[in-house]
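Values in this text are rule-based calculations from the coordinates and carry no lab data. Everything numeric here is computed off the predicted structure, so don't read it as measured data. Neighbour counts run over all protein chains shown; Cβ positions are idealised from the backbone, glycine included.
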Amino acid sequence: MAIRLGLRANWRQFTLLVALNAVVGAMAGLERSVIPLVGETEFGVDARGAILLFVLAFGLAKAFANLATGPLAARFGRKPVLVAGWVVMAPVPLLVGLAPGWWLVVVANLFLGAGQGLAWSMTVLMKIDLVGPRRRGLALGLNESAGYLGVAAAALATGLAAATVAPRTTVWVGALVLTVVGVVTSLAWVRETRGHVAAEQAVTADVPEQRPVLVACSQAGLANNLNDALAWGLVPVFLAASGASIKEVGVVAAVYPAVWGVAQIGTGWLSDHTGRKPLIVIGMLLQAAALAFLATGDGNFSPSVVAAVGLGLGTALVYPTLIAAVSDAVSPVRRAHAVGVYRFWRDMGLVAGALVAGLTADAAGAVAAIWVVAAITGASGLWVWATPFGGTPSALAATRRV
């Protein structure tokens, strides 16, 4: 069959990849609301920095896996790397379920992070491959929306279930089910998309890489995931210490990725028409404002929910738009490499966030850590604002046609 680009021409495979990325996201979401509390209550880990080791392990493994995806996808294809991601995540349920100490939970997150880097990167690339340049933002919005709605659903489910079931049990049982679904779906129904890359490259003029844009996007991605590490690893403990129940912690942990996930459907599409830069700048500044509001709320439930909504909206403006901007800035055959490098720096933000939030919280308290991360996020948005970007994606696509 002749290869055609576009969402309509490839809607069946695109829809399957959207659903699969929801499962990938749910694997990470299982830990969002309960694992930090497990560290304190079950393993007696008191220091915030030690608890955040599991976030650091996840981010470090995911970042380097992302960096490897470009060469691996070019050599072996997208589908084998996707399957490999699920295979790497397969030990996670066993390690979490049998962990005799916190150290093995940290090891489990090395496997989880590496598998997430491989699997999520491939669902991103395969959707970009299928739709072509004019609907790239929409494709990424749908991809990231599905992934983070999966995160939110799993975070809410484990948070609610932990009131009646041992928190660690909810994680390993859920991870086992999701791993089986992911492996079977990837092997049986996902198709390779390297042919779509070749088809796009054949009708696209080569252009020099826009290095300032790539650098600006990479630092913004790092700052975005720096505040995500704070929300994942420190905020649940901060809220619990302020008197929030485990259900309230679960709600806050779920609201943030839920808003993020739903809103990305619209923000990805919007970036195709407005250009990438305005949405990135507004999103970073909104995240900074939401974190500042969280810091002033003293851990109370209502302001924490409002802050989670603001953080989710800001992240929705930024997350799919940054990957689309990186894809805009390179030729199709360089896309896998550029996206892998960007995702490396973005997910190093989890490492930086675990260190900054953990060390600052231990030295000066959780509120001080939130303020520091808010300041870094705001400064990152100003960096993007000062960087020249190209025009709208439709205009860029028109100028690159042979």
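Highest first, please rank the peptides 102-110, 246-254 by the mean number of other Cβ atoms sitting within 10 Å of their residues.
Ranking the peptides 102-110, 246-254 by packing returns 246-254, 102-110.
Looking only at Arg78, Arg343, Arg211, which one moves most when the chain is put into a Gaussian network model with springs between Cα atoms under 10 Å?
Ranking Arg78, Arg343, Arg211 by mean-square fluctuation puts Arg211 first.
Sequence-distant or interchain residues sharing an amide H contact under 5 Å with Thr204, placed H: which?
Sorted by chain and number, the residues that satisfy this are Val402.
Distance between the C-alpha centers of segment 1-20 and segment 222-249? Whole Å please.
About 37 Å separates the Cα centre of segment 1-20 from the one of segment 222-249.
Once the Cβ-Cβ distance between Arg75 and Ala241 is put in as r, and R0 is 51 Å, what FRET efficiency do you end up with, to the nearest 0.05?
Using R0 = 51 Å, I get an efficiency of 0.60.
If contacts are Cα pairs under 8 angstrom and at least 6 residues apart, what is the relative contact order of the chain in percent?
27
Among Ala241, Ala65, Ala307, which one moves the most in a GNM of the chain with springs linking Cα atoms closer than 10 Å?
Looking only at Ala241, Ala65, Ala307, the largest GNM fluctuation is found for Ala241.
Please report the equivalent ellipsoid semi-axes of segment 82-122, computed as sqrt(5 x eigenvalue) of the Cα gyration tensor, largest first, in whole Å.
After diagonalising the Cα gyration tensor, the semi-axes are 21, 9, 5 Å.
Pairing the Cα long axis of helix 78-89 with the longest principal axis of the chain, what angle in degrees results, from 0 to 90 and rounded to the nearest 10?
Helix 78-89 and the main axis of the chain meet at about 10 degrees.
Return one number: the angle in degrees, 0 to 90 and rounded to the nearest 10, between the long axis of the Cα atoms of helix 366-385 and the longest principal axis of the Cα atoms of the chain.
Relative to the chain, helix 366-385 is tipped by roughly 10 degrees.
Starting from one equal scatterer on each C-alpha and no solvent at all, send me the Debye-based log10 I(q)/I(0) for the chain at q = 0.06 Å⁻¹, two decimals.
-0.21
Counting helices only, and only those DSSP H runs with n ≥ 4, report the 222 nm mean residue ellipticity of the chain as the sum of -39,500 (n - 2.57) divided by its residues, in deg cm²/dmol to the nearest 500.
After summing the helix terms and dividing by residue count, I get -27000 deg cm²/dmol.
Quick check on segment 1-89: what does the Kirkwood estimate of hydrodynamic radius come out to from the alpha carbon pairs, in Å?
In segment 1-89 this quantity evaluates to 16.1 Å.
What FRET efficiency do you get for Thr41 and Asp362 if R0 is 25 Å and r is their Cβ-Cβ distance, rounded to the nearest 0.05?
0.85
Could you compute how fast segment 216-351 diffuses translationally, taking Rh as the Kirkwood radius over C-alpha pairs and applying Stokes-Einstein at 37 °C with viscosity 0.692 mPa s? Give it in µm² per second.
Result for D is 214 µm²/s.
Each residue of segment 193-203 in order: what ³J(HN,Hα) in whole Hz does its phi give by Karplus 6.51 cos²θ - 1.76 cosθ + 1.60, θ = phi - 60°, with x for Gly and Pro?
10, 4, x, 5, 5, 4, 5, 5, 4, 5, 10
Tell me, Trp189, Trp172 in order of fewest to most beta-carbon neighbours within 10 Å?
Trp189, Trp172
On a 0 to 90° scale, report how tilted helix 277-296 is relative to the longest principal axis of the chain, with both axes built from alpha carbons and the result rounded to the nearest 10.
That helix lies at roughly 0 degrees to the long axis.
Average projected area of the Cα convex hull of segment 73-227, in nm²?
That works out to 11.3 nm².
Taking a 28 Å limit on the Cα-Cα distance, which of the listed pairs Lys62/Lys127; Lys79/Lys247; Lys62/Lys277 fall beyond it?
Distance filter (> 28 Å) returns Lys79/Lys247.
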